[in-house]
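None of the figures in this text is laboratory data; all of them are computed from the coordinates on show. Treat the numbers as computed from the prediction; the structure is a model and nothing was measured. All Cβ positions, even for glycine, are placed from backbone atoms using ideal geometry, and neighbour counts span all protein chains on display.
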Amino acid sequence: MKRILLYGFGNPGRQDDGLGPAFVETIEKWREAGKHNIPDTDSNYQLNVEDALAISEYDMVIFADASTEEDVDDFRFAPLDPATADVKYTLHAASPAYILHLCHNLYKKYPETWLMRIRGYEWDFDENLTPAAKENLFLATEHFQGWLKEWMSRRTH
């Protein structure tokens with residue numbers, strides 16, 4: 001059985017920046033309700049270089065984060081292609097592509113990697129998601145639950 005990690009990142013104290021951790025929390029509640037056997041979960045304010053070691057232990061990693069990108073209407077769920085991904089690192093943040101890059105260079109592992117980007121709108125100091133972001137979170141969660149059920153059913157046949 002493939003080992004899968006769902007990793008959300010973002011700051012829940014900055015409104016819609018908390019979409020990544022909120023996504024993970026929603027999926028954890030789904031698991032607790034006995035709806036599906038889902039992957040391991042984790043969340044943090046941001047990705048760190050140490051996460052390269054953590055993801056090296058998995059066959060598949062799904063990163064979840066808030067997005068301000070205009071090409072994301074409500075959410076976008078797509079594989080992260082290391083060959084075309086923008087590998088960025090600053091003192092304040094590491095991109096999923098950078099963590100995957102480190103994982104490959106340090107541990108010679110390339111887990112199958114997906115990125116769930118959920119559209120956010122406000123980034124003020126507040127622990128509540130905006131109504132529009134909550135709707136996007138709902139849509140992203142519904143999509144992911146269906147995708148995961150289908151993906152897991154293909155693995156058992």
(message) In segment 4-156, if the dipole is taken from +1 on Lys/Arg beta carbons and -1 on Asp/Glu beta carbons about the Cα centre, which of Tyr98, Ala33, Tyr45 is farthest to the positive end?
(response) Ala33
(request) Taking H placed 1.01 Å from N in the peptide plane, check which residues at least 5 places from Arg14 or on another chain put their amide H under 5 Å from its amide H. (result) Asp126
(request) Using a cut-off of 14 Å between beta-carbons, work out the net charge of the residues near Tyr58 (Lys and Arg +1, Asp and Glu -1, Tyr58 not included). (result) -3
(request) May I ask you to work out the translational diffusion coefficient for the chain at 37 °C, viscosity 0.692 mPa s, via Stokes-Einstein with Rh from the Kirkwood sum over Cα pairs, reported in whole µm²/s? (result) 208
(request) With springs connecting C-alpha atoms under 10 Å apart, model the chain as a Gaussian network and identify which of Lys134, Lys109, Lys29 has the largest mean-square fluctuation. (result) Lys29
(request) Could you compute the FRET efficiency for Ser153 and Tyr107, with r as their C-beta to C-beta distance and R0 at 25 Å, rounded to 0.05? (result) 0.25
(message) Among Ala64, Ala52, Ala78, which one shows the highest mean-square fluctuation when the chain is modelled as a Gaussian network with alpha-carbon springs under 10 Å?
(response) Ala78
(message) I'd like the Karplus ³J(HN,Hα) series for segment 98-104: coefficients 6.51, -1.76, 1.60, θ = phi - 60°, whole numbers in Hz, and an x wherever there's a Gly or Pro.
(response) 5, 4, 5, 4, 5, 4, 5
(message) Just want the answer: with Cβ charges of +1 for Lys and Arg and -1 for Asp and Glu, which residue in Leu5, Ala78, Val24 is farthest toward the dipole's positive end in the chain?
(response) Leu5
(request) Counting helices only, and only those DSSP H runs with n ≥ 4, report the 222 nm mean residue ellipticity of the chain as the sum of -39,500 (n - 2.57) divided by its residues, in deg cm²/dmol to the nearest 500. (result) -12000 deg cm²/dmol
(message) Which of Met152, Met116, Met1 has the fewest other C-beta atoms within 10 Å, and how do the rest follow up to the most?
(response) Met1, Met152, Met116
(request) Report relative contact order for the chain in percent, whole number only (criteria: Cα-Cα under 8 Å, sequence separation at least 6). (result) 31
(message) Quick check for me: using +1 on Lys/Arg Cβ and -1 on Asp/Glu Cβ, what's the dipole size of the chain about its Cα centre, in debye to the nearest 20?
(response) 820
(message) What does the net charge come to around Pro131 if you take all other residues with beta carbon closer than 14 Å to its beta carbon, with K and R at +1 and D and E at -1?
(response) -3
